[in-house]
1. For the stretch 747-792, which chymotrypsin sites (Phe, Trp or Tyr not before Pro) are both in a DSSP coil and crowded by at most 11 other Cβ atoms within 10 Å?
2. Where does each of Thr701, Thr320 land when they are ranked from fewest to most other beta-carbon atoms within 10 angstrom?
3. Answer rounded, prolate or oblate for the stretch 298-408, using the Cα gyration tensor with square roots of eigenvalues a ≥ b ≥ c: rounded when a/c is under 1.5, else prolate when a/b is larger than b/c, else oblate.
4. With +1 on the Cβ of every Lys and Arg and -1 on the Cβ of every Asp and Glu, and nothing else charged, how large is the dipole of the stretch 311-412 about its Cα centre, in debye rounded to the nearest 20?
5. Can you list residues from other chains, or at least 5 along the same chain, whose modelled amide H is less than 5 Å from the amide H of Leu410?
6. Tell me the label-point distance for the pair Ser451, Glu335, using the 7 Å Cα-to-Cβ offset, in nm and rounded to one decimal.
7. Once you order the gyration tensor axes a ≥ b ≥ c over the Cα atoms, which shape class does the stretch 753-873 get: rounded for a/c under 1.5, otherwise prolate or oblate by comparing a/b with b/c?
8. Quick one: Kirkwood hydrodynamic radius for the stretch 257-303, alpha-carbon pairs, angstrom, one decimal?
Amino acid sequence: MTPPPLTPAGLRCAHQVEPLGVAPDRVRLSWRLEGTGTGRAQRAYQVLVTLEEPDAAVAWDSGRVESAVTADIAYAGAPLTAGGRYRWKVRVWDETGSASGWSEPARFEVELDRTSGWHASWIGPSRIRESVTPPSGEGPVDPVARALTPAPYLRRVFAVGQPVAFARLYVTALGLYEARLNGRRVGDGFLTPGWTDYTRRLAYQTYDVTGLLNQGDNVLGAIVADGWYAGFYGFDPKRAGAHYGTAPELLAQLVLRLADGSEQRIVTDGQWESSTGAIRHADLLMGERHDLALEPAGWDVPSFDATGWRPVQVRERDATPLVADPGPPVRVTQEITPRSVATDDHGRHIVDFGQNLTGWLRVKVDGPPGTHVRIRHGEVLAPDGSLYTDNLRTARATDEFTTAGGPEVLEPRFTLHGFRYAEITGYPGEAEITARVVHSDTPAAGNFESSLPWLDQLFRIIDWGQRGNFISVPTDCPQRDERLGWLGDAQVFARTACYNRDVAAFFAKWLDDVADAQLPSGAFTDVAPRLTLTGSGAPAWGDAGVIVPWTVWSMYGDTAVLDRHFGAMTRWMDFLERANPDYLRARELGNSYNDWLTPGDDDTPPELLATSYWAHDAALMAEIADATGRPGDAAGYRALRSKIRSAFTDAFVAADGQVASGTQTAYVLGLYMNLVPDDLRAAAADHLVAAIRAAGWHLTTGFAGVGYLLPVLSSTGHTAAAYRLLEQDTMPSWRYMLDHGATTIWERWDGWTAERGFQSPWMNSFNHYTLGSVGEWLYRFLLGIDQEPGTAGFGQLLLRPHPGGSLDWARGSYRSARGPVSTGWERDRGRFTYWAELPPNVTATVRIPSSHAAEVRDAAGQPPSALADFPAARDIQEAVFQVGSGAHEFSGPALTDVQED
Ligand code: BGC
């Protein structure tokens, strides 16, 4: 029986659902296929793109293209019109040659022309602050409070004479904005326009505001705040408060298409007026203060009496490019009600949300006017039950409200706190309290469940750490005076991040920040956007400039990101080679953080760590060059890699497979980056296990080694050792964190210990995702959801589960670029069963480990197509099956447990 044709669905443009603003060179199309049956595949596709106006003209008809590719399809039609509104659809032919119907159409709109498309000027309140007092210094006046000023409110009244056919609002700020139209909030994004290096690139958002306009009088308004642009940020108090500028400004352009076809444009210019309202200050680190009696009620509707509002100051735009925001908006994605509210001896309410999260509180109150409510935020409690805030350093993370009286909602708008607990003072009555969870809205992609509840909890807290730190850029932590886009942290966690959530658009945006920050020398920086920190070139940090684009390509099949940054990556590689002509990376190590935050001494030689990352870059560059049709470059990078490998071997690998310094990280890097000669790999892996054993079955890795540790153990036949580390419950271990109340991954293995209590408050975040990079192993190894080496975009899967430890069963899924991949396994009375459900248009090699691999059977009773050595043999083999889409099950004798002791 022929199965029904495949259905293309889930259409995306530039990894976004119907983006209203996309740069022409970012238009890449993708879809997923839905369909029942096994072995389903796409043979060919046809894409049709039409310009909505003036006459639905065809902009691109790809014709029938013989290809299985469903992502990364570059638009190749007539030049895209700036501001143009396009519709597109796709149909496919399946493995039998039958055609699908056309997909539901999807839309995209092209960004405005970066020079001629903008008619707006920057506006701000008439008194632009000239200087900002830094938060240092003693004295009666609080220096921080002196640098915090009221958020400007901006408004413009305009008349519309006809019905509106459609309207778009293009808007950005130096600082943060909340746009308002006729009394309504525009869009559901927060902290817009997000963080970029505002001196290099300004992102703007586009909103469909057709439904918010009236025939007659209208008001377009905005509240702006300091944000990353002018607020306190990072940890350099000398410059805090003025990283890019001293006061926020707004740039907006409202374009209306009227019923008669004419266009009306309202832009930020001298016709706007400004005042202030309830928001007395708003700062990302310090928090907000609202005096609700000062809110000019109705300021954003036409009937408002704006007496006393002042004309704005106007400043012409400069040449800084304005780009449609390529990333996902920051949104409120969840609300959490308190688990408990306790009152301490001082009448302070301590609210526990049961989860460390990033966001803020919404408090509904009904009380007398003039009540002063103060909300402080903290991740943990001190031993006496009070809020612990020492680890926030200079971040005050305090929101304060003076009520106007009656039923009111107390909620900040331009700040962000990392917290599990809140301390509320001043509110006498019964308040309705909610925590609002805020982050870049990256849809969940991964799932994990097992027979060990603590392991499921580990999986969850890894994802919570990601949510709390993916906020316009991937930050290290969301609570203290730092919150920077550290490159090292991001590269270590990138693959886990992609499995957990769809971060394709998020990383596409941030990789522009990384490229913007790159120095003329070619050095990638320690943080991006580059702010108070000027460090560059640090091993494992700068290398993110190659590793993260490679990871995005690998996970999403996105070659656009590789082409876009190929030049920057090449400059980085040239920078390294210029500095290190003998192929040992010993110079230009910048701030060399080395294996940052190892639990004991960091004894891995910096040149070893640096050289291994360089070799890794070269290997990835060769794949990148191949994937983007640059065979000459690929050959060059392979040759470079082999020179680095020889230099590494000569300098660091002994004849018996020992790797210099003997740290776990030294072995892990040598093995993961494939720098240990092939005939010494097994010996080196044994040395690694010996080092783990010598540490009492504990890991000793810091940031640079941790993500590769379990993958290296499993790939060298030491999955049993990987499980011992995973299940270890004494410090340092993931379980130690869990057993001591972690609800997000800690920055340090010893963030809190039973013996000593809290680590030094100067660096002790309880929400830092990097050590959560073990998530990648849960997906790729434990569940076995991986792809064939060298392939990208999850078209050719490698399903290779690694059972072990005290786990009886596990199941999980990953919503890949080709659709959901679900797998699971069970060990029961000597039998091992693995099942997998695969989307159309994939092939998979399934490798089932078994002590008697030849006896493994699929659901139809068929034997394996081949037998292969389990990694590093150890008398174990794998039963190999080749399958396509659909549901599959395999079962056979389980592995005899390999003991490592
Ligand atoms: C950050 C890290 C970062 C490190 C660099 C710390 O302050 O929190 O996560 O990677 O500095 O050494």
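Only the coordinates and a few stated rules stand behind these numbers; no lab work does. Note that the coordinates shown come from a computational prediction; the quantities given were computed from them, not determined experimentally. We place every Cβ from the backbone using ideal geometry, glycine too, and count neighbours over all the protein chains shown.
1. On the way: sites: Trp749, Trp752, Phe758, Trp762, Phe766, Tyr769, Trp777, Tyr779, Phe781; in loops: Trp749, Phe766, Tyr769.
Within the stretch 747-792, no chymotrypsin sites (Phe, Trp or Tyr not before Pro) qualify (loop, at most 11 other Cβ atoms within 10 Å).
2. Working: Thr701 28, Thr320 15.
Ascending number of Cβ neighbours within 10 Å: Thr320, Thr701.
3. In terms of gyration-tensor shape, oblate.
4. Numbers: 11 positive and 15 negative charges, 36 e Å.
The calculated dipole for the stretch 311-412 is roughly 180 debye.
5. Val363, Lys364, Val365
6. Each label point is offset 7 Å from its Cα along the Cβ direction, giving 4.1 nm.
7. On the way: a/c = 2.65, a/b = 1.71, b/c = 1.55.
It is prolate, given that a/c is not under 1.5 and a/b is the larger ratio.
8. Working: mean 1/r = 0.0708 Å⁻¹.
Across the stretch 257-303, the inverse of the average 1/r is 14.1 Å.
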